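In what follows, a structure is listed as structure tokens, so that the remarks can point back to it.
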């Protein structure tokens, strides 16, 4: 079985961060989002993977993932170009997939459970496709599946006004090679895109049964700043604590904290987990890093109070202000200014930004 990770898309909902880099490389719990997709595929036994690239961020994704060997997989790059729909992106991988089945994984999704059970369920039956689903409170915002009592899909509806169930598609699919016939047969939607739900519906009507698997635990589509923060919080719940860096005498560290190599927490600083402090970052005296915070590499915090936030890295926060629910892009600088002392700040800051507060 082959794997396909979709690494294109414009990431408009994550601007300004995505003005200067692809959304799939935004770190969550100090790991780029796309790495979680690679890891899930590998753990499901899928190690031959195509990463589909758009017009933006190609070089950055290729430079980060390389040939995949550091992550235990073999990566091939396929260029989609303009984002013309998920089904179009899958169709670009026809030659790569060949005669094999394939797993398609949206590169900005994160699943707690992984995809092993979805793959096993598909392989155990004579299905032409399999889809991952999850119960949601607001199914009208998603593609929704109507399934029978044994989990076979009866119909798919995109963002229905009257949902037939509360089971939303979560962005992971398994296909036989019949999917390429489906892609050839469907027409672009009103968005001028080839929709994957249309391809799955065509398979259901013309080729055979569609399996489904309900994902347990959480699932996050990290397409918006608040989703990045939610995913960061959920992943830090399970962070493996460890101190590869330095905790000076007089520093206060409590809870589950991942302190990576070269990072330093100085005397007089407080870090309360769950938290992740990446390599070569310095938390200076008078700084408070609260729960559910990830600080990226090569950063410096001086006297700041920050919690439930993500600092991508290579950033300086030198202010006594309090930051909550904030997402700071790479290379951001936040410094103190005279004359204003707010109770808290909520920020989404793009790469290489400089703020005075």
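Spin-label point model (7 Å from Cα, Cβ direction): what's the residue 244 to residue 190 distance in nm?
5.0
Name the shape class, rounded, prolate or oblate, that the alpha-carbon gyration tensor gives for the stretch 2-222, where a ≥ b ≥ c are the square roots of its eigenvalues, rounded holds for a/c under 1.5, and otherwise prolate holds if a/b is larger than b/c and oblate otherwise.
On the way: a/c = 1.41, a/b = 1.33, b/c = 1.06.
Rounded shape, in that the Cα axes give a/c under 1.5.
Counting only DSSP beta bridges with both residues in the chain, tell me the antiparallel percent, nearest 5.
25
If each DSSP helix of 4+ residues adds -39,500 (n - 2.57) and the sum is divided by the residues in the chain, what number results at 222 nm, nearest 500 deg cm²/dmol?
-5500 deg cm²/dmol
Roughly what would the spin-label model give for residue 117 and residue 181, points 7 Å off Cα along C-beta, in nm?
3.2
P(r) for the stretch 180-245: what percent of alpha-carbon pairs falls in each 5 Å bin, starting at zero?
Percent of Cα pairs in each bin: 3, 13, 14, 11, 12, 14, 12, 9, 5, 4, 3, 0.
Can you give the relative contact order of the chain as a percent, counting alpha carbon pairs under 8 Å and 6+ residues apart?
Values: 939 pairs, mean separation 47.1, N = 357.
Reported relative contact order: 13 percent.
How far apart, in nm, are two points set 7 Å out from the Cα along the Cα-to-Cβ line at residue 254 and at residue 149?
Those two pseudo-labels are separated by 5.3 nm.
Gain in length, residue 161 to residue 137, computed as 0.36 nm per residue apart minus the alpha-carbon separation, to one decimal in nm?
Working: separation 24, 0.36 × 24 = 8.64 nm, distance 1.38 nm.
Roughly 7.3 nm would be gained on extension.
How much length, in nm to one decimal, is gained on full extension between residue 79 and residue 216, taken as 0.36 nm per residue of separation minus their Cα-Cα distance?
Here the answer is 46.0 nm.
Which value, in Å³ per residue, describes the convex hull spanned by the Cα atoms of the stretch 19-88? Intermediate values should be presented prior to the final figure.
On the way: hull volume 7.0 nm³, N = 70.
Measuring per residue, one finds 101 Å³ for the Cα hull of the stretch 19-88.
Would you please put 53-62, 184-193 in order of how densely packed they are, using the mean number of other Cβ atoms within 10 angstrom per residue and starting with the highest?
Result, highest mean Cβ count within 10 Å first: 53-62, 184-193.
Taken together, the values in this text are just the output of simple stated rules run on the coordinates, not laboratory data. Not measured: the values here are computed from a predicted model. In this analysis, Cβ positions are derived from the backbone assuming ideal geometry, glycine residues included, and neighbour counts consider all displayed protein chains.
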